[in-house]
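Nothing in this text is a laboratory measurement; each read-out follows from the coordinates by a stated rule. All values reported here derive from a predicted model rather than from experimental measurement. Backbone-built Cβ (ideal geometry, glycine too); neighbour counts: all protein chains shown.
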Amino acid sequence: MQVSAPRCCVAQRLCVTGRNEIPVAATPELPSRTFTPPTDGETIDVGGKIYRMGKLVGHGAFRQVYDCTDEWDNELVAKVLLPRNRPYEEIKEHFNRETQRLIALRHPNVTFMHNAFECRDTFYVILERCHLTLSDVINFPQLNPDLWIKQIARDVLQAVEYIHVNGYVHKDIHPGNVFASLA
């Protein structure tokens, strides 16, 4: 059986924590806001685009990641920003910066952003779903490194060069944070 080399995507680490509602600190002139994470099976309609939220699949200090599909059953993930006692306006500013970066970084080896929106005081970034990390590929015993190592090295280096040429720096590249797609 010949296995084709997976396509690699460099992405920001996808993350998750608890599923309880977390109050978002308010600025003095704004009413209090409440972070509301999605629930498994929840449907979110964003201007006619339908997203079905799935289970929590990752975690980190400032993000939760959920399985997600759209109305065409494309496999996606929903990255949700966590407030972590930050004011709503600070979270919104971070969200706007991150989405502008992802919109600007359109490259075959950079994770593709499908959509970004706010729903119930909660910020969502919908990204392509990559099922493997480079760690998974490295640890797959039946996969001959001669079939994939050059391709993946080239993909990662092209992505990093593209990111740098566009004025950005990825601060956390490692095998667990390089995602691969078999498509």
Open item on the list: Within the stretch 74-92, take every residue that is under 18 Å from Thr36 (Cβ atoms) and of a type in the set (A, V, I, L, M) and give me the one that is surrounded by the fewest Cβ atoms within 10 Å (Cβ to Cβ).
Closed with: Leu81
Task: Top-ranked residue of the stretch 74-89 - restricted to ones that are in a loop (DSSP other than H, G, I, E, B) and over 16 Å from Thr43 (Cβ atoms), ranked as nearest to the chain's Cα centre (by Cα) - done: Leu82
Task: Residue tally, condition touching a helix residue (DSSP H, G or I) at 6+ places or on another chain (Cβ under 6 Å) and more than 14 Å from Cys68 (Cα to Cα), over the stretch 99-118 - done: 3
Task: Search result, residues across the stretch 43-72 that are within 19 Å of Arg84 (Cα to Cα) and either of a type in the set (Phe, Trp, Tyr) or touching a residue at least 60 places away in the same chain (Cβ under 8 Å) (or both) - done: Phe62, Tyr66
TODO: Would you please name the residue that is surrounded by the most Cβ atoms within 10 Å (Cβ to Cβ), looking only at residues in the stretch 52-73 that are out of contact with any Cys (no Cβ under 9 Å at 6 or more places or on another chain) and part of a loop (DSSP other than H, G, I, E, B)?
DONE: Glu71
TODO: Could you grab me the full set of residues in the stretch 140-183 that are small (Gly, Ala, Ser) and without any contact (Cβ under 8 Å) to a residue 40 or more places away in the chain?
DONE: Ala153, Gly167
